[in-house]
1. What percentage of the solvent-accessible surface of the chain, computed with a 1.4 Å probe over protein heavy atoms, is contributed by carbon and sulfur atoms?
2. What translational diffusion coefficient, in µm²/s and rounded to a whole number, does the Stokes-Einstein relation yield for segment 91-167 at 20 °C and a viscosity of 1.002 mPa s, taking the hydrodynamic radius as the Kirkwood radius over Cα pairs?
3. D for segment 52-120, whole µm²/s, Stokes-Einstein with Kirkwood Rh over alpha-carbon pairs at 10 °C and 1.306 mPa s: what number?
4. Extent of segment 37-76 along each principal axis, from alpha carbon coordinates, in Å, largest to smallest?
5. Could you do me a favour and compute the accessible area per residue for the chain, 1.4 Å probe, result in Å²?
6. Beyond 34 Å, how much of the Cα-Cα pair distribution for the chain remains, as a whole percent?
7. Considering the zone a paramagnetic label at A239 would reach in this model (a point 7 Å from Cα along the Cα-to-Cβ line), which residues of segment 134-161 have amide N under 16 Å from it?
8. Could you sort the peptides 26-34, 95-103 by per-residue average Cβ neighbour count (10 Å cutoff), highest mean leading?
Amino acid sequence: MSKTILITGSTDGIGLLTAQLLASEGHTILLHGRSAAKLATAAAQVDGATESYVADLSRMDEVDAMAVEILQRHEKLDVLINNAGVLKAPETQTAEGLDIRFVVNTLAPYHLTRRLLPIIPKDGRIVNLSSAAQARVNGEALAGQMILDDMAAYAQSKLAITIWTQELAKELGEGPVVVAVNPGSLLASKMVKEGFGIAGSDLSIGAEILCKAALDPSFTTASGRYFDNDAGQFDPPNAAASDHDHVGMVMQGIEKTLARLI
């Protein structure tokens, strides 16, 4: 059965390849990117039914506008893959003084997911891109009161999305499934090339696990869990995700910081 699948950050890298694989199976793919020109190129590379949505995920007003457009055009969204992410950027602080890694990697997908929940069915999937790089979250950094280096900000933002994955899964109970996935370390994405100066491993490693997380029955009972594709199995995330006080601080920080932006 054909499904409607939104993939953020799908103009290149793992996002684009995942879109191509899923479209080849007959699914309708909602592509997202920051550039209309890049979206047009990506749509031409995806052989199948697509729609394109432009939004800068560092701006919550644009996240909101995209969500409104999707809600107006669709009564059901079967799968949301929160793939978009950033490690390095020319400007690491947003206009509001927040670290762009927390905004794009953690806050924007949380807000987008919340906005689209009304049309995601109980048997749907929300797949969040995590990473093997996870680090205990500094609440001041999340709130924009402390500047971190690139890797620290990235690792903390990835633990934060993993934490809200498990907490949203608890809240939703019967569904949809919410799962965090490390697609594989040092894959051949633009982020890896820019961040580490290496070519990286085959992108299909990451795209294939995202397709599996989106559709495969093996993820049906995986809500709230973290899949580590480096290990090829579900594993516990960073130990801080099991620290009740730390989890509470992160969730309160996410909600409080978002309240400043929307």
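1. The computed percentage sits at 50.
2. So the translational diffusion coefficient is about 165 µm²/s.
3. The calculation lands on 126 µm²/s.
4. 29, 26, 10
5. Result: 42 Å² per residue.
6. 8 percent
7. Flagged as within label range: 134-137.
8. Per-residue mean Cβ counts within 10 Å order the peptides as 26-34, 95-103.
The values are calculated or read from the model by the stated rules, or taken from the named source; none is laboratory data. Given the structure is predicted, the values throughout are model-derived calculations rather than measurements. As a convention, Cβ positions derive from the backbone with ideal geometry for all residues, glycine included, and neighbour counts pool all protein chains shown. Just the protein is used for accessible areas: all its heavy atoms, side chains included, with ligands, DNA and RNA removed. Shrake-Rupley method; radii C 1.70, N 1.55, O 1.52, S 1.80 Å.
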